[in-house]
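The values are calculated or read from the model by the stated rules, or taken from the named source; none is laboratory data. Just so we're clear, the structure is a prediction, and the values are computed from it rather than from any experiment. No Cβ is skipped: glycine too gets one built from the backbone with ideal geometry, and neighbour counts run over all protein chains shown. These accessible areas exclude ligands, DNA and RNA; they are computed on the full protein's heavy atoms, side chains included. Shrake-Rupley method; radii C 1.70, N 1.55, O 1.52, S 1.80 Å.
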Amino acid sequence: MVDLSGEMGGLWATLGAPAPGRARVIQFVAARAGEGTSTVAREFARFAARRAGKTVWLIDLDLQASPQHAAIAADPAHYGALGKASSASPDGSSFLTVQPPQKTADGALIPNARYIAAHQVGEARWWVTRFRREVLKGRQTVHILPGADYWNALRKHADLIVIDAPAADRSQAALTVAPFIDQTVLVVAADQPDVRAPAQLRDAIATAGGRVAGVFFNRAMVEPPGFLRRILP
């Protein structure tokens, strides 16, 4: 396990303090798969919970595999053991919808919030979500919802909400939620010479109404070379 504590401390300082009395929602996303976004998001959540002493929720928007839950479960020595599944919604709202709706044996609709579970990570005050894909039936599909209801509800129960979004080359999830959260951090592999895709993603997020806070070069927040400054806000 690579120790990113130093880099996470730098990122924490770079993003600045949140507004007083208001939880911050920060999304991490890359233009292309394989840039290390999930690792960065997970380590940032761990740093915030353990070093900064914050109550943190790590929301995984990859509804195909829930890689955050899997990665934490696979390394309890580093992260802490996962607790039992509990509700990931404080008020029944959800950031996703399942279609067509599924009904219980007595004909009642299963709420969208039931498809997301949350697990506490070790003894720290942080939780990670997992999409309960095994509950889907037949041809049901799942989609990320545009809207602020879920994020605003969760703000009342956390100091920081970290969103790990799938890469933009395989999902529109990041663009869907960007207008309803505080900041998006673009993750770029340090050895990636072609910055056209990140630049296009930055522009797409801005067009959607989101705010790009900056670029993280997957191991360290550094002063970017001149040709990369074009993609910073």
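Here are a few things to note about the model shown:
- Cα centroid separation - segment 30-90 against segment 116-185, whole Å: 11 Å
- Listed peptides 39-45, 78-84 by packing density, highest first (mean Cβ within 10 Å): 39-45, 78-84
- Once the C-beta distance of residue 97 and residue 70 is scaled by a Förster radius of 25 Å, the resulting FRET efficiency is 0.60 to the nearest 0.05.
- For the chain, the Kirkwood estimate of the hydrodynamic radius, built from every pair of different alpha carbons, is 18.1 Å.
- Take each peptide in 109-119, 131-141, count the other Cβ atoms within 10 Å of every residue, and average; sorted highest first, the result is 109-119, 131-141.
- Full-extension gain in nm, residue 203 to residue 170, via 0.36 nm per residue minus C-alpha separation: 10.2 nm
- Percent antiparallel among DSSP beta bridges (both partners in the chain, rounded to 5): 40 percent
- The residues of the chain expose on average 46 square angstrom of accessible surface per residue, using a 1.4 Å probe on protein heavy atoms.
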